[in-house]
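Read the structure below first, then the notes.
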């Protein structure tokens, strides 16, 4: 959170003119950049309305948690009020969503959405927004997990009249989602006194803040229940907006023979695949025809195994982008295109029948296949030549057909401990964002460590694995990948760094010497022990991620240098330009560095690169390395494992 204090204390800060300053300073500390002008204005205009209401209701001792960060995500609730319930004497919490809107209308046929003059696209009804916050808190905050009745939610539109927002009342209202306007201020005061007593809320606030966070619902662990049974994930804000836009578009397509396109943009960990699976489950429960498609063999095969276990009909819901070359036009209600940045120029391969080699763009085939095609993508996760999926390409293809396009941008982070600072650090580290590499400042959400040898990295991750956390090691594609061994033979030890050697993950669809098939490397516990590449890691997540930055990316003379000759990836040909390879290799390491839910351990066999990483993580901007901070380096490695691997403690260099 950005600020905590009693309602009286918050009001005193505001009167003295220091509240917005303190909020801004704490925002910079947590996020690494200053808040936008609109956000500061909202603090200056909305927080006083809330604190004045609390004081007028005689609730000056109620604790106010401003910009309260929801567990395991970067999303913040405007305010959480903590106090004691006047009837039960139990802790009582009210999540408050503050809006400056003066008017808003219901979106036609979709009460969960609304239209506001200052926004070109529909917005989520604030009642649904605050209800989602309450549901999410009850799922993930230990203080509420066993006492979900203790949390309530209100949306306060303090500039609005009842007439101006009458359409918003069409949505269901309950304990976790109520709507008050400035015109109903007296009702709001009565509501506050019905759920909060005029006593100190400090102890209740302590209980909420210090509560243990419940484990994150990892995608693959919940996927089967989500698709086959009932909703498992709570979607927040833009996630829910994207979800509702698709359902509304499906309804309109049926009623008016209408077709439209939805594009959902978001970085790693923003919940794109969670929305995709939530939609697939809900649409199939409604009896709509919907399929999920990707350009990733590993992701699709994993979904077929995890979601469709012993259910062939469910397995058929998961397809590839090139399955729609000859599909009936508008034959589906919805086609959910996950990882759409992997869309290629055409679906044709060398195995495609001559009659089907039309040269037609793959994006056109996907748009034509459904009344509502939905594309989820992150343009900074393109890692192979020929992957063309972008917002511009999809929008142009849709508009050429005269179709409406709705674009939703996801900003909240649900991976990497919910740390926006870590995602920013990775982007700057790889020069994908401006500003140059920055020193990592531990934020309590995501751990970053630098190892001095691959065995040190592996032993740290093994300890995490032994403690019940999922861990994997990945590397840049800088070592030869041997052919699959014959039956009974072990995997070749291809990734060799000094005296340490490990195999790449299995290439094919069968297990080899106890190692899982390629598609299951990221999810099968037996995947620890093989080194994964970007093609088996992309789209997946695990608690701890170990990343070996290979000799294709080196720190030299104060900048990153990409060495195309160090890459063993055969997708790079002589025709692939240096600039394209530079971009794709940086994207590859972004994908690898953003798989972890709890922490990342990074290692480079190159001494100069490793020293620079130590400097960035330990706090030495000069890059000379530091061994003083626990966030920077690992504890001494325990003796290396035996059996099937080759190890030595030296840092070594890549052959």
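The values are calculated or read from the model by the stated rules, or taken from the named source; none is laboratory data. None of the values given here were measured: they were computed from a predicted structure. Cβ atoms come from the backbone with ideal geometry, glycine included; neighbour counts cover every protein chain shown.
The figures follow:
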item	result
Residue count for the range 301-316, restricted to those that are in contact with a strand residue (DSSP E or B) (Cβ under 6 Å, 6 or more places away or on another chain) and either surrounded by 23 or more Cβ atoms within 10 Å (Cβ to Cβ) or not assigned by TED's automatic domain parsing to the domain that holds residue 353 (or both)	1
Residue match in the range 501-522 (condition: part of a strand (DSSP E or B) and in contact with a helix residue (DSSP H, G or I) (Cβ under 7 Å, 6 or more places away or on another chain))	yes
Of the criteria (1) touching a helix residue (DSSP H, G or I) at 6+ places or on another chain (Cβ under 7 Å); (2) crowded, with 23+ Cβ neighbours inside 10 Å; (3) part of a loop (DSSP other than H, G, I, E, B), which one residue 473 fails	(3)
Per-region count, the range 431-470, residues within 19 Å of residue 588 (Cβ to Cβ) and assigned to a loop (DSSP other than H, G, I, E, B)	4
Yes/no for residue 265 being in contact with a helix residue (DSSP H, G or I) (Cβ under 8 Å, 6 or more places away or on another chain) and crowded, with 24+ Cβ neighbours inside 10 Å	no
Verdict on residue 51 being within 17 Å of residue 237 (Cα to Cα) and either in the same structural domain as residue 15 (by TED's automatic domain parsing) or in contact (Cβ under 8 Å) with a residue 24 or more places away in the chain (or both)	no
Residue within the range 583-590 that is surrounded by fewer than 19 Cβ atoms within 10 Å (Cβ to Cβ), modelled with pLDDT of 50 or more and either within 25 Å of the chain's Cα centre (by Cα) or not in a helix (DSSP H, G or I) (or both) present	yes
Test result for residue 38, modelled with pLDDT of 95 or more, within 25 Å of residue 125 (Cβ to Cβ) and assigned by TED's automatic domain parsing to the domain that holds residue 132	no
Per-region count, the range 145-171, residues within 17 Å of residue 124 (Cα to Cα), without any contact (Cβ under 8 Å) to a residue 40 or more places away in the chain and under 32 Å from the mean Cα position of the chain (by Cα)	1
